[in-house]
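Written below as structure tokens is the structure these notes are about.
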Amino acid sequence: MIRRPPRSTLFPYTTLFRSNFDIENNPTVSIYLDDAIHYTRVTDKSYSMIINTVTTPLYFSSSKLYTSDFLNQVKSCLEPDGIYVTWVDIRVGDRGLDIMLKTIRENFKYCALGCIKSSYFLLICSDVPIQAHHTAEVAADKRLREYFAEHYLLLSDMLPYGLLTTDAFSLIKDNTLAINSLDYPSLEFEMAQLRSPEFSNLNIRLQSIMSLNDQRRSSANPKWDPYELCAYTKQLV
């Protein structure tokens, strides 16, 4: 059973309401309270998209959702053309990012890198080529436009420019690192000995692989503009 948090908690209900548009009372939404690993193993449902917003893998309990074991299991819950979205922040470091990308590559054919803000990146995984869809419909939604403008100073019709590359695997710098698994939690080991918790060369690595043709194709935006891309990505990263 879902209970609304009391207004005296650290995150007031009004904040939660604003952030998720009162999803709890949306009649088209079903809410399941379960452990992610358990649910993906017992459910017979399949989804077109699964989003993981668990805390950073700096927490060892969270890093289990970045193992090849879990990725393989979550993939079994996707439609053949479905996508799985997880996230990574700059605190995992260069080697941590390499481990995460190598582990994803063991389970998905494609991985794109998106950006919401300078320290928060999305890893978009699928077995089919990744491309933005329905961008005009998203941009035209009045509630979304007002929300992004008010809280993030973002224009919703610029959001497709946040898809930085559809070939995130090209970012891998060290192919000798072990993939992350339950039997060999290499990501946990890396987090435990992390000395420089940042992507020290991510901008350089991104610049070396980003392609204007890839950006234009993946954004599905007929009004795609390289100058808007430069302005938007500069604001983000």
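The relative contact order of the chain comes to 21 percent, based on Cα pairs under 8 Å that sit 6 or more residues apart. Solvent-accessible surface (1.4 Å probe) assigned to MET210 amounts to roughly 70 Å².
Over the stretch 31-75, accessible surface divided per residue gives 61 Å², non-protein components excluded, 1.4 Å probe. Helical runs (DSSP H, four residues minimum) scored at -39500 (n - 2.57) apiece and divided by the length of the chain put the mean residue ellipticity at 222 nm at -10500 deg cm²/dmol. A full extension of the chain between GLU24 and THR55 corresponds to an added length of 9.1 nm, given 0.36 nm per residue minus the alpha carbon distance.
Assuming charge only on the beta carbon of Lys and Arg (+1) and of Asp and Glu (-1), the dipole of the chain about its Cα centre is about 400 debye to the nearest 20.
Of all DSSP-defined beta bridges confined to the chain, some 75% are antiparallel rather than parallel.
Within the full protein context, the accessible area of HIS134 is estimated at about 130 Å² for a probe radius of 1.4 Å.
Averaging Cα coordinates gives a centre for the stretch 208-222 and one for the stretch 25-65; these two points are 30 Å apart. Considering only HIS151, TYR32, ALA136, and ranking their Cα positions along the charge dipole of the chain that arises from unit charges at the beta-carbon of Lys, Arg, Asp and Glu, the one farthest toward the positive end is HIS151. If R0 equals 25 Å, the separation of the Cβ atoms of ASP69 and ASP35 corresponds to a calculated FRET efficiency of about 0.95.
Taking a ≥ b ≥ c as the square roots of the Cα gyration tensor eigenvalues, with a/c under 1.5 meaning rounded and otherwise prolate when a/b beats b/c, else oblate, which class fits the stretch 8-131? Oblate, because a/c is 1.5 or more while a/b does not exceed b/c.
Sites listed here are GluC sites (Glu not before Pro) in the stretch 128-226 whose DSSP assignment is loop and whose Cβ has at most 14 other Cβ atoms within 10 Å: GLU198.
Spin-label model, ALA220 to ASP81: label points 7 Å out along the Cα-to-beta-carbon direction sit 0.9 nm apart.
Which entry in [x] 0.97; [y] 1.05; [z] 1.27 matches Cα Rg over 2.2 N^0.38 Å derived from the coordinates of this structure? Only one listed value fits the structure, namely [y]. Estimated at the nearest 10 Å², the accessible area of LEU97 is 10 Å² with a 1.4 Å probe. Annotation for the stretch 76-119 versus the stretch 132-164: alpha-carbon center distance of 22 Å. For the stretch 59-182, the square roots a ≥ b ≥ c of the C-alpha gyration tensor eigenvalues yield an a/c of 1.5 or more together with a/b exceeding b/c, which makes the shape prolate.
Judged by the ratio a/c of the largest to the smallest principal axis of the C-alpha gyration tensor, the stretch 152-237 counts as prolate, that ratio being 1.5 or greater while a/b is larger than b/c.
The values are calculated or read from the model by the stated rules, or taken from the named source; none is laboratory data. What you are looking at is a predicted structure, and each value in this text was computed from that prediction instead of being measured. Cβ atoms come from the backbone with ideal geometry, glycine included; neighbour counts cover every protein chain shown. Accessible surface is based on the protein model in full, side chains and every heavy atom, while ligands, DNA and RNA are left aside. Shrake-Rupley method; radii C 1.70, N 1.55, O 1.52, S 1.80 Å.
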